[in-house]
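Notes follow once the structure below has been shown.
Bear in mind that the values in this text are calculations on the coordinates, not laboratory data. What you see is a predicted model, and the numbers here were worked out from it, not measured in a lab. Cβ placement follows ideal geometry from the backbone for every residue including glycine, while neighbour counts extend to all protein chains displayed.
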Ligand SMILES: CC(C)(COP(=O)(O)OP(=O)(O)OC[C@H]1O[C@@H](n2cnc3c(N)ncnc32)[C@H](O)[C@@H]1OP(=O)(O)O)[C@@H](O)C(=O)NCCC(=O)NCCS
């Protein structure tokens, strides 16, 4: 028996191709520990590094970076990278940088849209990610979308000077097909 999941998505969230015009906001968000710690940023952020990261992504044929727009304002990023055309797989990463945009369905909607791009436009078979075990907000969001736990990467993440384990989670095309969506109208 195939189980179906119902998700409420925000109609005012869209993805747009990432470009250098998004760099300044990204740099500001990289200075927020809530973002930098959870994504595992390894060095001090700077505007120059952010701009060169964007240029690298745009040249990388194995990456599709998106800006997350809420009512047309850039509030975060979602990226499909490490695209493997043989396995038809890619890695997903996300952050909602604007603190006021968190916890209101923006992240869930943006990930759904990135999965839609990956499975329906790019014909991927599998999308995977890693997340440290203390990032409950992210783990809950990924689970709601149908990602399943595939493995535990022991002590594979540094947070606040401490080693913590990371979860390897994945979603297959057929898992995504079980997700039903409702466009949520927010007041
Ligand atoms: C993880 C992240 C993308 C989630 O996006 P979001 O817009 O805040 O989440 P949503 O509002 O779409 O919520 C999705 C689900 O997660 C839950 N959730 C969100 N934030 C939560 C929190 N801080 N604590 C507990 N649950 C949380 C919501 O309740 C919701 O579940 P529900 O539908 O059952 O209520 C966002 O918090 C973020 O960018 N965090 C910082 C960077 C980061 O951790 N990126 C991921 C690295 S792997």
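Taking every C-alpha pair closer than 8 Å and separated by at least 6 residues, the mean separation divided by the residue count of the chain gives a relative contact order of 26 percent.
Fewest-first ordering of 173, 10 by other beta carbons within 10 Å of each residue's beta carbon gives 173, 10. Short-range pairs are left out: with C-alpha atoms under 8 Å and at least six residues apart, the relative contact order of the stretch 8-55 is 48 percent. Let me make sure I get this right: for the stretch 51-103, a, b and c are the square roots of the gyration tensor eigenvalues over alpha carbons, sorted descending. Under 1.5 in a/c it's rounded, otherwise prolate if a/b > b/c, else oblate. Which is it? Prolate, because a/c is 1.5 or more and a/b exceeds b/c.
Taking all Cα pairs closer than 8 Å and separated by 6 or more residues, the relative contact order of the stretch 125-172 comes to 50 percent.
Based on Cα atoms of the stretch 38-187, Rg over Rh with Rh as the Kirkwood radius reads 0.95. Going from the residue with the fewest nearby Cβ atoms within 10 Å to the one with the most, 116, 136 rank 136, 116. Put in line by how crowded their Cβ is, counting other Cβ atoms within 10 Å and starting with the fewest, 158, 128 read 158, 128. Determine the percent antiparallel among the DSSP beta bridges restricted to the stretch 33-176, to the nearest 5. Antiparallel bridges make up about 90 percent of those DSSP assigns within the stretch 33-176.
Secondary-structure-derived ellipticity at 222 nm for the chain, considering helices only, amounts to -7500 deg cm²/dmol, per-run term -39500 (n - 2.57) for DSSP H runs with n ≥ 4.
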